[in-house]
Amino acid sequence: MINEKLEEAFNDQINKELYSEYLYYAMKVYFQELNLQGFVNWFDVQVQEERAHAVGMIDYLNERGGKVDLRAIEKPVVEGSTPLEVFEHVLRHEEYVTSRINHLADVAEEVRDRAALNLLDWYIKEQVEEEATVGSVLATLRLIGEDKKALLLLDKDLATRTFVAPVIG
Ligand code: FEO
């Protein structure tokens, strides 16, 4: 059985991962409206990754005999009105998710749940990758500035991103 406080922290994080999925879906729609199909693809992969992150925790909680509590997902709000500003929002959001994963690991440590810490190691590494991936697109967008041709080249590049189902844990 999993400790109650840790179960609550997992349920809270499951909601945040599902919110991330929803937020990235809203960003996907933003890029659909701009007809930047490579960006649309990039966010589509992001949406699938967030779903996988949530499912990983749901399955884990089940496996540990915990109770999964699916909660209301907040309306997503995309901050910014340019691709650069939207990606700044993505980075801020991922940094926030990182802080919540770290909090979850703190709770697991507090209740001395080594198995949960083992799982959370995967999420901690994943956050490093997520922030790096977003940071790299952001750096390119900063270089691009107002250059529309360069933006279309980046769009082509982002069209090549593919979703690979993660093996969590
Ligand atoms: Fe599930 Fe993007 O963190």
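In the range 66-130, Cα pairs under 8 Å separated by at least six residues give a relative contact order of 24 percent.
Estimated from the Cβ-Cβ distance and a Förster radius of 22 angstrom, the FRET efficiency linking ILE124 and GLU4 is about 0.45. Working ranking of peptides 4-16, 56-68 by packing, defined as the average number of other Cβ atoms within 10 Å per residue, highest first, is 4-16, 56-68. Distance between Cα centroids, the range 108-169 to the range 14-74: provide it in whole Å. Distance between centres, Cα-based: 13 Å.
Using C-alpha pairs under 8 Å with a sequence gap of at least 6, the mean separation divided by the residue count of the range 4-158 gives a relative contact order of 29 percent. Say a paramagnetic label sat at a point 7 Å from the Cα of GLN32, along Cα to Cβ; which residues of the range 69-99 have their backbone N under 16 Å from it? It comes to 76-78, nothing else.
Between the helical axis of 114-144 and the longest alpha-carbon principal axis of the chain there is an angle of about 10 degrees. Each of GLU74 and LEU153 was given a label point 7 Å from its Cα along the Cα-to-Cβ line. The distance between the two points is 3.8 nm. Rounded to the nearest 10 degrees, the angle from helix 148-158 to the longest Cα principal axis of the chain is 40 degrees.
Every read-out reported here was derived from the displayed coordinates using simple, explicitly stated rules and does not represent laboratory data. Nothing here was measured: the structure is a model prediction, and the numbers come from that model. A quick note on method: Cβ atoms are made from the backbone with ideal geometry, for glycine too, and the neighbour counts reach across all protein chains shown.
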